[in-house]
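Colleague: Submitted below is the structure of interest, expressed as structure tokens.
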Amino acid sequence: RIHIQNIPTFTKTQNFKMVKVWYEPPPFGPRTSLNRPAYGTSGDVGPKWVVKLAKQRSGPVIAGFVTAFIGLAYIPLMNTKLPYTFSPEYQAATRAYMRYHNMNPIWGISSKQARAADDH
């Protein structure tokens, strides 16, 4: 609601009408409608666990659901083997190939520091 009070002021050249404004926020808080509650279920309609979740802070609820869905997505991956490119033999062969072809000679596997570290 906005309350307006007229305050008369006069100048010699122009007639201005100044007003004082008092702002009252909506009854259910900012970003809410005047005639219905803020967020969530209105009037506690639905299952009790939904009403309880709707009344909690949103951060922990979202974090809990994200964690639960990450756990559900990990279930199919639990018994799978790693790709063959993760084996130590394959990685050693890749490093040898990169060094032979002088790949990334400044900072990578073919640099002087990397060669000195491997020779120890």
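The values are calculated or read from the model by the stated rules, or taken from the named source; none is laboratory data. These figures come from a predicted structure and were not determined experimentally. Glycine also receives a Cβ, built like all others from the backbone with ideal geometry; neighbour counts cover every protein chain displayed. These area figures cover heavy atoms from the full protein model, side chains too; ligands, DNA and RNA do not enter into them. Shrake-Rupley method; radii C 1.70, N 1.55, O 1.52, S 1.80 Å.
Colleague: For a test of the definition: using alpha carbon positions, the gyration tensor, and the 1.5 limit on a/c, classify the range 80-120 as rounded, prolate or oblate. Walk me through the numbers before you get to the answer.
Modeller: Numbers: a/c = 2.86, a/b = 2.15, b/c = 1.33.
Judged from the Cα gyration tensor, the range 80-120 comes out prolate (a/c at least 1.5, a/b above b/c).
Colleague: Any chance you could look up the accessible area of residue 72 with a 1.4 Å probe, heavy atoms only, rounded to 10 Å²?
Modeller: Per-residue accessible area (residue 72): approximately 110 Å².
Colleague: With θ taken as phi - 60° and the coefficients 6.51, -1.76 and 1.60, list the Karplus ³J(HN,Hα) couplings across the range 51-61 in order, rounded to whole Hz; mark glycine and proline as x.
Modeller: With coefficients 6.51, -1.76 and 1.60, one gets 5, 5, 5, 5, 8, 7, 5, 6, x, x, 5 Hz.
Colleague: Cβ under 15 Å from residue 101's Cβ, residue 101 left aside: what net charge do those residues give with Lys, Arg +1 and Asp, Glu -1?
Modeller: Numbers: positive: 95, 99, 115; negative: none.
Local net charge: +3.
Colleague: Something else now. Full extension from residue 65 to residue 90: what is 0.36 nm times the residue separation minus their Cα-Cα distance, to one decimal in nm? Provide the component values of the computation, followed by the final result.
Modeller: Numbers: separation 25, 0.36 × 25 = 9.00 nm, distance 3.86 nm.
This chain segment gains 5.1 nm when fully extended.
Colleague: Run the reach check for residue 20 against lysines, Cα to Cα strictly under 24 Å, same-chain hits fewer than 8 apart removed. What comes back?
Modeller: Hits, sequence-local ones excluded: 12.
Colleague: Once the piece of chain linking residue 77 and residue 49 is laid out straight, how much longer is it, given 0.36 nm per residue of separation minus the C-alpha distance between them? Provide the component values of the computation, followed by the final result.
Modeller: Details: separation 28, 0.36 × 28 = 10.08 nm, distance 3.05 nm.
Gain on stretching residue 77 to residue 49: 7.0 nm.
Colleague: Net charge near residue 110, counting Lys/Arg +1 and Asp/Glu -1 over other residues with Cβ under 15 Å of its Cβ? Could the numbers behind the result be given before it?
Modeller: Values: positive: 95, 99, 112, 115; negative: 118, 119.
Once positives and negatives cancel, what remains is +2.
Colleague: For a quick check of your reading of the filter: which trypsin sites (Lys or Arg not before Pro) in the range 61-120 sit in a DSSP loop and have no more than 11 other Cβ atoms within 10 Å?
Modeller: Details: sites: 81, 95, 99, 112, 115; in loops: 81.
Sparse-neighbourhood loop trypsin sites (Lys or Arg not before Pro): 81.
Colleague: At a probe radius of 1.4 Å, what is the per-residue accessible area of residue 103, in Å² to the nearest 10?
Modeller: Around 70 Å² of this residue is reachable by solvent.
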